[in-house]
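To start, the structure itself, in structure tokens.
Values in this text are rule-based calculations from the coordinates and carry no lab data. Fair warning: this is a prediction, and the values are worked out from it, not measured in the lab. Cβ placement follows ideal geometry from the backbone for every residue including glycine, while neighbour counts extend to all protein chains displayed.
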């Protein structure tokens, strides 16, 4: 998991769980084609927030399993 992504989330006051942070890292890498620590600094706040929102809107596997039980 990227420490720079975690720091930026903290600076922007965005709360996430570990699973979301891992997915945010992967999404940044897919979006930029670069390792997330190297790429996160080149993203604007609006690009970064858009990636975070896309990830946060995904259904969480664990949560879905708990709701089904």
Separation of the residue 46 and residue 10 label points, Cα + 7 Å toward Cβ, nm: 2.8
Extended-chain gain in nm, criterion 0.36 nm per residue less alpha-carbon gap, residue 22 and residue 37: 4.2 nm
Quick check on the chain: what are the equivalent-ellipsoid semi-axes from the Cα gyration tensor, as sqrt(5λ), descending, whole Å? 23, 12, 10
Compare the peptides 8-19, 45-56 by average per-residue count of other Cβ atoms within 10 angstrom and give them in order, highest first. 45-56, 8-19
